[in-house]
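The values are calculated or read from the model by the stated rules, or taken from the named source; none is laboratory data. Owing to the predicted nature of the structure, the values given are computational and were not obtained by experimental measurement. Here the Cβ positions follow ideal geometry from the backbone for every residue, glycine too, while neighbour counts run over all protein chains shown.
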Amino acid sequence: MIDKNDPNRKKYIDKVIEQIQEKNVNFIRLQFTDIHGLLKAFAIRAKNIEHYFEEGAYFDGSSVTGFGNVEESDMVAIPDPTTYNLLPWRSEKYLSARMICDVYTPDLKPFEGDPRYILKRTAEKAKKLGYTYCCGPEMEFFLLEHDLNLVARHSDLRGYFDFDPSEKNELMRRQMSEYAMQMGIEVETVHHEVATSQHEIDIRYDECINAADKVITLKMIVKFVAGMNNMIGTFMPKPFYGINGSGMHVHQSLWKDGQNVFYDADDPEHCSKIMKKFIAGQLKYAREICAVLSSWPNSYKRLVVGYEAPVYIAWDYKNRSALIRVPNFGNIPRSARFEIRSPDPAGNPYLQFAVLLAAGLKGLEENLEPAEPTKENLYDMDVVQMKKRGINSLPASLIEALECYEKSELMKETFGLKPFKNFFYAKLAEWDEYRQVVHPWELQRYINKL
């Protein structure tokens, strides 16, 4: 990631131009996300890239969700040269590349509704305090076969860590990982997940903006490889009733002067006071940030008890039933981190990381302390036990989450007033459309009974 006005930018531009000429690249896809996190792109001729680096490429922002209305529709996409990658699935004869863009207004000021800019602005607040915020996301997804009667059906009957070197999904997962590494993503772990047809690819931690860039890149790769095999790659949080949904557990750390400030050699669990205050901030604001971390009606079909997804706002060491857990990082300073388990991979990673950082920084600013760790299995505790312990729950639906979001001063501050409203209205429209649909469950349950 490099800003438009960074004095080192020309060095990266020159390198990109050299690579384009050396490989005889003809087209470059300029990419960005809408407010939902859906990838948008258009292609430009590579021979004109110097012009686009300086003046950007104009596009109609009114056609992109959350980017504005018709009377203020002109937007400018300026490519970030550090995100240049060849598309590894294109043949040598027809090479194409891609770059992720920052979105500007026609007078070349950052567009305040650009999700990447919202994350940049939040990361800058941390940097003014001397901190660099890093994220390591675990990406879960399903690989499904097309079905004439249903939208999709399972493509395997395998479970957690199952392995078959000749099985189609195994080979596809390997291909996805190879493409990811070719596009600059350091893949840490690849395996079959708990649910049938479910898979996971984990990305090594990186500075938050780079990490978000890598998330949207990996999602593109998964969908491409699935499509080339006549299958569906989906990050939908809960495509099937009765089995686990897909999450995006985010491992987080905070760095200062090259040192991981979440580590404390003198603490029994080696967790610093800074880490605990950061955790306390995310716990305090968990309900307010939930609409961003779990941003679709379907997200709340995943956030239910019994399928390894968090429901209750609590934390602990190693306890996977808690919203936030501190894994055993082996007394290794660089590995000190904690994991939040409620985000799902269907959301916008720029906004997800921005609100996580904003909530964590509030924990530092307000000098918060988290409640005592919850050692018990939260899935086995009833409502009365939760009340006695003072443990609250995450919103049970998108509309409940949006009500918390709408009242949040933290969210207004993080988004900026206009993007805050744009996100709210976009998600409210999604909920309104969802609630009007008559679902098959209702027909099966009520059509003869009522």
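Miscellaneous remarks
- Selection count where residues are buried (at least 18 other Cβ atoms within 10 Å of the Cβ) and aliphatic (A, V, I, L, M), scope the range 14-56: 8
- In this structure, Asp107 does not qualify as buried (at least 19 other Cβ atoms within 10 Å of the Cβ) and charged (D, E, K, R).
- Residue within the range 241-251 that is on the phi < 0 side of the Ramachandran plot and not in a loop (DSSP other than H, G, I, E, B) present: yes
- Test: residue in the range 91-99 that is surrounded by 14 or more Cβ atoms within 10 Å (Cβ to Cβ) and closer than 30 Å to Val194 by Cβ: no
- In the range 115-137, residue surrounded by the most Cβ atoms within 10 Å (Cβ to Cβ) [restricted to those that are more than 25 Å from Val64 (Cβ to Cβ) and of a type in the set (Ser, Thr, Tyr)]: Tyr133
- The one condition in (1) out of contact with any Ser or Thr (no Cβ under 9 Å at 6 or more places or on another chain); (2) in a helix (DSSP H, G or I) that Val438 fails to fulfil: (2)
- Among the residues listed as Ser294, Ser335, Ser321, the single one being modelled with pLDDT of 95 or more and of a type in the set (Ser, Thr, Tyr): Ser294
- Of the strands (runs of 3 or more DSSP E) lying entirely inside the range 1-88, those carrying at least 1 residues that are free of Cβ contacts under 8 Å to residues at least 24 places away in the same chain and more than 28 Å from Phe424 (Cα to Cα) are 39-45.
- Odd one out for Ala371 among (1) in contact (Cβ under 8 Å) with a residue 24 or more places away in the chain; (2) in a helix (DSSP H, G or I): (2)
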